[in-house]
Amino acid sequence: MDLAALQRMLDSGRDNALLRFSLGKGLLEAGDPAGATSHLLHCVAQDPGYSAGWKLLGKAWLAAGDAHAASQAWQQGIDVAQRNGDKQAGKEMTVFKRRADNAVAARD
């Protein structure tokens with residue numbers, strides 16, 4: 001994934017949920033969860049019904065060390081997936097959320 005090309009697209013004014021998702025995914029894969037989180041927050045703000053955006057946002061929050069925020073993102077994603085009939089994404093985020101909730105509970 002060419003992050004520089006994606007960033008140039010964003011800089012030129014071509015801002016949309018898919019571009020923000022792609023930037024977030026690339027930054028997460030590159031080890032920049034904070035940068036990924038920023039783009040993924042824009043992604044789900046632009047398209048709140050994008051369950052894959054919520055799923056990846058949760059992963060980015062978890063990678064950034066915030067299991068509580070990850071759990072909240074996944075809950076939003078579960079709700080969206082249920083509304084959209086996206087059963088597989090809902091199941092995956094339910095498992096991720098349970099793990100994050102257990103990590104938060106273990107810390108408290």
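The values are calculated or read from the model by the stated rules, or taken from the named source; none is laboratory data. Small disclaimer: the values here were computed from a predicted structure and weren't measured. In this analysis, Cβ positions are derived from the backbone assuming ideal geometry, glycine residues included, and neighbour counts consider all displayed protein chains. When the accessible area is computed, the model is the full protein with side chains, heavy atoms only, and any ligands, DNA or RNA have been set aside. Shrake-Rupley method; radii C 1.70, N 1.55, O 1.52, S 1.80 Å.
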Matching entry among His68, His39 (being under 25 Å from Val104 (Cβ atoms) and over 12 Å from the mean Cα position of the chain (by Cα)): His68
Search result, residues across the range 44-57 that are of a type outside the set (A, V, I, L, M, F, W, C), open to solvent by 60 Å² or more (accessible area, probe 1.4 Å) and assigned to a helix (DSSP H, G or I): Gln46
Quick check on this structure: which one of Ser71, Ser51, Ser38 is in contact with a Lys or Arg (Cβ under 6 Å, 6 or more places away or on another chain), among the small types (Gly, Ala, Ser) and within 24 Å of Arg99 (Cβ to Cβ)? Ser71
So which residues in the range 79-108 are of a type in the set (Lys, Arg) and either surrounded by fewer than 20 Cβ atoms within 10 Å (Cβ to Cβ) or farther than 14 Å from Leu56 by Cα (or both), if there are any at all? Arg83, Lys87, Lys91, Arg98, Arg99, Arg107
Six or more apart or on different chains, Cβ under 8 Å: which pairs go from a residue in the range 28-43 that's open to solvent by 60 Å² or more (accessible area, probe 1.4 Å) to one that's among the basic types (Lys, Arg)? Could you list them? His42/Arg20
Just checking, does the range 58-78 include any residue being open to solvent by less than 70 Å² (accessible area, probe 1.4 Å), hydrophobic (A, V, I, L, M, F, W, C) and not in a helix (DSSP H, G or I)? yes
Would you tally the residues in the range 1-17 being part of a helix (DSSP H, G or I) and either in contact (Cβ under 8 Å) with a residue 24 or more places away in the chain or buried (at least 22 other Cβ atoms within 10 Å of the Cβ) (or both)? 2
Could you grab me the full set of residues in the range 1-24 that are modelled with pLDDT under 95 and acidic (Asp, Glu)? Asp2
